[in-house]
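So the structure is just underneath, and the comments pick up after that.
The values are calculated or read from the model by the stated rules, or taken from the named source; none is laboratory data. This one's a predicted model, so the numbers in the text were calculated from it and none came from an experiment. Neighbour counts are summed over all protein chains in view; Cβ atoms, including those assigned to glycine, are modelled from backbone coordinates with ideal geometry.
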Amino acid sequence: MRHAGRRLFSAALALILGGALGNLIDRVRLGAVTDFIEPTHYPAFNVADSAIVVSVAALLLMAWFERSAPDADEIGRAHV
């Protein structure tokens, strides 16, 4: 994984952890998670939920593109 890929991976994991901790803190302090973004045609959510969803999507995309990228061995064999 390239340096930028590691930074994105670390950021995604940090956002997942932060979102989970934010929801946990709400649950412990208030007894429920506070959802304050209420679009008209979509379930209510909060910033922590958004961080988790966006981060999981980023991790899935990273895994997809890393898996579909050719290995250095494959590139070397193609030139032989």
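Just a few scattered comments:
- Selection of region 6-35 for residues being at pLDDT 85 or above, in a loop (DSSP other than H, G, I, E, B) and among the polar types (S, T, N, Q) yields an empty set.
- Candidate set from region 36-78 (those that are loosely packed, with under 14 Cβ neighbours inside 10 Å, aromatic (Phe, Trp, Tyr) and not in a loop (DSSP other than H, G, I, E, B)); member that is modelled with the lowest pLDDT: PHE65
- HIS3 meets each of the listed conditions (1) in contact with a helix residue (DSSP H, G or I) (Cβ under 6 Å, 6 or more places away or on another chain); (2) at pLDDT below 90; (3) not aliphatic (A, V, I, L, M) apart from (1).
- Within region 13-44, the set of residues being in contact with a helix residue (DSSP H, G or I) (Cβ under 8 Å, 6 or more places away or on another chain) and among the hydroxyl-bearing types (Ser, Thr, Tyr) comprises THR34 only.
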